[in-house]
């Protein structure tokens, strides 16, 4: 069996790690696997280190430019005419356009698309709401070129069915390799070096995610003065980069929290520092199945997350709070509960890889 796994870009991110882990896991199972993507050195370096074959698609970009998208469709069609694959697995919106090229190619491989969340189509997406019907039509059209849609949580599948985007689909939970964590002391020392302050006797709150609309970090920043009333020694560290950095920096300055909140930017293998947090918070407006949330679960640290997407399929209800509800959040914060050891097998990499392999073998 020969499989091409495709994603829009190879920059740091949960979906990028997913593609790398899946490719590595499938190869260990004896599958002939290749990864296709556009820009980004992060994925390239990881694939080269493992000697996993890859191709850079010149026209595969995160863009709304229809010309670039048309060029990519033509590019992947030409590539699939030259190199035959049994299955092409798409993993992001712009990459999904390649399904047209795949079905127009001579080899006509079976196609799979994994929804890593519903993005603009999610019921909790409120920004630029007028785009929803447009995106629904685009996805509805593109899904006709997909043999099997896959969702990373049951909540997203139910939403997609309710909005009549698809009739049926598979659910395969994200799985991660066994994490290697630094000790609490080592991780806190690392954060001290990054922030330039003494973190001894500080209550360290942390999050890992892209600085964008989805992750909703403005809510966490705005509510932080109330957190300080409960925990005066609290410090907030957010790891990640994104388009809203300047907005967050201005908000932090406006609230006079520059000595309390730190934006550390992108850090490779950031999850290895999770044990340095006394509490992990994920305030997302919408989610699929967050890889960083799963990593925090493996780190066995206290977690609070919004009750959206697949979060409730990872955490017990007492660790979830309602979206943007200040009172509910503060009540949960004052009664932080460490999550008891749960069945983590369904979130392990080996389980995910086997589930995808079982799906491939059905064709």
Problem set entry | Check on residue 21, crowded, with 19+ Cβ neighbours inside 10 Å, in the same structural domain as residue 109 (by TED's automatic domain parsing) and in a loop (DSSP other than H, G, I, E, B) | no
Problem set entry | Matching residues in segment 239-251 - criterion: being in contact with a helix residue (DSSP H, G or I) (Cβ under 6 Å, 6 or more places away or on another chain) and more than 24 Å from residue 268 (Cβ to Cβ) | 251
Seminar exercise, completed: Scanning segment 254-299 for residues that are out of contact with any strand residue (DSSP E or B) (no Cβ under 7 Å at 6 or more places or on another chain) and more than 22 Å from residue 311 (Cβ to Cβ) gives 254, 255, 256, 257, 258, 259, 265, 268, 269, 272
Exercise. How many residues does segment 140-173 hold that are closer than 18 Å to residue 89 by Cα and out of contact with any strand residue (DSSP E or B) (no Cβ under 9 Å at 6 or more places or on another chain)?
Worked result: 4
Problem set entry | Candidate set from segment 148-181 (those that are surrounded by fewer than 17 Cβ atoms within 10 Å (Cβ to Cβ) and touching a residue at least 60 places away in the same chain (Cβ under 8 Å)); member that is farthest from residue 314 (Cα to Cα) | 180
Problem set entry | In segment 207-238, the residues that are more than 19 Å from residue 285 (Cβ to Cβ) and in contact with a helix residue (DSSP H, G or I) (Cβ under 7 Å, 6 or more places away or on another chain) | 226, 227, 230, 234, 237
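The values are calculated or read from the model by the stated rules, or taken from the named source; none is laboratory data. Computed from a prediction, not measured in an experiment: that's the story for all the values here. We place every Cβ from the backbone using ideal geometry, glycine too, and count neighbours over all the protein chains shown.
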